[in-house]
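Visitor: Questions regarding the structure given below will be posed in turn.
The values are calculated or read from the model by the stated rules, or taken from the named source; none is laboratory data. Computed from a predicted structure; not experimentally measured. Ideal geometry is used to build each Cβ from the backbone, glycine not excepted, and the neighbour counts take in all protein chains shown. Keep in mind that these areas ignore ligands, DNA and RNA; they rest on the heavy atoms of the full protein, side chains included. Shrake-Rupley method; radii C 1.70, N 1.55, O 1.52, S 1.80 Å.
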Amino acid sequence: MAKTDLLTTDAIKISDSEWEVMRVLWTLGEADAQQIADVLGQRMDWKLATVKTLLGRLVKKEAVRTEPSGKKYIYFPQVGEEETLQSATENLFSRICAKKVGSAITDLVTEAQLTAADIAMIQQALAKKTPVAEIQCNCIPGQCECREHQK
């Protein structure tokens, strides 16, 4: 499948377990359930039935498509890894106070193992960023501890 044929991930939300299955499909490009179970069985100690359940959920969410091949099905990713990661990032940041996004990014950078190229890429992105004078809280009153809600 061409990269341009992939669906957008705006409405697709996938669980942590489904992420593991998608990572295998993104790496292999296509696989049957047994191949995915073999890869994940080493790391996750999952059985074939677990993988098939997760694949069924991903097919329902239209994150994965299937094609019959003899007595089995071949699974293909319908959403791209980069687009899914972008959607997950947007989803994460939409769930936290806008005033805490900077510290969340700092935590991510602090905790991640990064190559020199990764650090250079982050520094370049920051160099292009224009700071704003103030960030408005986007929380519901009582949802955070911003001074904005303590007036």
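Visitor: Which cross-chain or sequence-distant (5 or more) residues have an amide H under 5 Å from the amide H of VAL79, H modelled 1.01 Å from N in plane?
Guide: For VAL79, the qualifying residues are LEU7.
Visitor: Follow-up. Show LEU126, LEU114, LEU40 ordered by accessible area, largest first, where the area counts protein heavy atoms only and the probe is 1.4 Å.
Guide: Putting LEU126, LEU114, LEU40 in descending order of accessible area: LEU126, LEU114, LEU40.
Visitor: For TYR73, enumerate residues with amide H under 5 Å from its amide H, sequence gap 5+ or separate chain, H modeled in the peptide plane.
Guide: Distant-sequence amide H within range of TYR73: ALA33.
Visitor: Take TRP19 and VAL59, extend 7 Å from each Cα along the Cα→Cβ direction, and tell me the distance between the two endpoints in nm.
Guide: Spacing of the two 7 Å Cα→Cβ label points: 2.5 nm.
Visitor: With springs only between Cα atoms under 10 Å apart, run a GNM on the chain and tell me which of VAL21, VAL64, VAL109 wobbles the most.
Guide: Evaluated over the chain, the most mobile residue of the options is VAL109.
Visitor: Still on this model: Evaluate the distance, in nm, between pseudo-label points positioned 7 Å from the Cα of GLU82 and of THR27 along their respective Cα→Cβ axes.
Guide: Rounded to a tenth, the inter-label distance reads 2.1 nm.
Visitor: Next up: Summing -39500 (n - 2.57) over the DSSP H runs of n ≥ 4 in the chain and dividing by its residue number, what mean residue ellipticity at 222 nm do you reach, to the nearest 500 deg cm²/dmol?
Guide: -16000 deg cm²/dmol
Visitor: Only helices at least 30 Å long along their axis, Cα-based, and averaging -0.5 or more on Kyte-Doolittle count here, so list those DSSP H runs from the chain.
Guide: Flagged H segments: there are none.
Visitor: At a probe size of 1.4 Å, how large is the accessible area of ASP45, to the nearest 10 Å²?
Guide: Surface accessible to solvent at ASP45 totals approximately 120 Å².
Visitor: Still on this model: Find out how many positive minus negative residues lie around ARG57, taking Lys and Arg as positive, Asp and Glu as negative, among other residues whose Cβ is under 13 Å from that of ARG57.
Guide: For residues surrounding ARG57, the net value is 0.
Visitor: Give, to the nearest whole percent, the P(r) tail of region 6-110 beyond 16 angstrom, counting all Cα pairs.
Guide: Counting pairs separated by more than 16 Å, the tail of P(r) holds 59 percent.
Visitor: Could you state the accessible area per residue of region 44-151 in Å², with a 1.4 Å probe and every protein chain left in place?
Guide: Per residue, region 44-151 has 77 Å² of solvent-accessible surface.
Visitor: Let me spell out the model: positive unit charges on the Cβ of Lys and Arg, negative unit charges on the Cβ of Asp and Glu, origin at the Cα centre of region 52-94. What dipole size does that give, in debye rounded to 20?
Guide: Taking the Cα centre of region 52-94 as origin, the dipole is about 500 debye.
Visitor: Same structure again: Between SER69 and GLU111, what is the spin-label point distance in nm, taking each point 7 Å from the Cα along the Cα→C-beta axis?
Guide: Taking the simple label geometry, SER69 and GLU111 are separated by 3.6 nm.
Visitor: On to the next question. Can you give the extra length, in nm with one decimal, that the chain gains between ASN138 and ALA98 once fully stretched, where that is 0.36 nm per residue apart less the Cα-Cα distance?
Guide: That works out to 13.8 nm of additional length.
Visitor: SER15: accessible area at probe 1.4 Å, nearest 10 Å²?
Guide: 50
Visitor: In the chain, carbon and sulfur make up what percent of the accessible area (probe 1.4 Å)?
Guide: Using a 1.4 Å probe with all protein chains present, the chain comes out at 53 percent carbon and sulfur.
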